[in-house]
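Just below is one structure, and these are the notes that go with it.
The values are calculated or read from the model by the stated rules, or taken from the named source; none is laboratory data. Being a predicted model, the structure only gives us computed values, none of them experimental. Heads up, the Cβs are rebuilt from the backbone with ideal geometry, glycines too, and the neighbour counts pull from every protein chain shown.
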Amino acid sequence: MRRGARFAKRIAVKSNRFSGGSQSIKALSIRQPWAELIVRGLRNEHRSSLTRIRERVYIYACKALGATPDEMVEINDEFGTDLDLRTLARGVVIGTVEIVDCKELGYADYEWVMNAPQRIQPYQKPTGFPQPKFFNPFPEGLRGATIWKELWGAGD
């Protein structure tokens, strides 16, 4: 393949990253119970790094937990919930949110502001390999496209 053809193909792929199709919708890995609170619209994500991403992303509930049973008592009191770590989904995509802003709260402390959470039912196990931050949960694009059409009617 000529160099120019490879470059043109790369441009075409980048320009289709979030133009209505879902083959390239990213997933954000978040530990439970935080993933559940985000999908319920009760919490924003806090990270040590900023993000410039401003688009809808999948929320992947990690297999690892982000709280102990003792901490869950405080979390449930703070957010007015009755979550149980034993029943929270893990290792699956549980919903989507739109990242709309990123606020610096202090040195290496950022709040990723999220809007319009939507739960995905049934939960979907990603076919892509989960990463600590963003990853492509459905690299073949087939199931991701189906989820996109079910939620937003894209392509109709």
- Can you tell me which residue in the stretch 73-126 is modelled with the lowest pLDDT, limited to those that are loosely packed, with under 13 Cβ neighbours inside 10 Å and polar (S, T, N, Q)? Q121
- Item | Matching residues in the stretch 33-69 - criterion: being more than 14 Å from the chain's Cα centre (by Cα) and of a type in the set (A, V, I, L, M, F, W, C) | L42, L50, A64, L65, A67
- Message: When you scan the stretch 31-51, do you find a residue that is among the aliphatic types (A, V, I, L, M) and at pLDDT below 95, even just one?
- Response: yes
- Task: For residues that are over 15 Å from the mean Cα position of the chain (by Cα) and assigned to a helix (DSSP H, G or I), scanning just the stretch 127-144, find the one that is surrounded by the fewest Cβ atoms within 10 Å (Cβ to Cβ).
- Result: L142
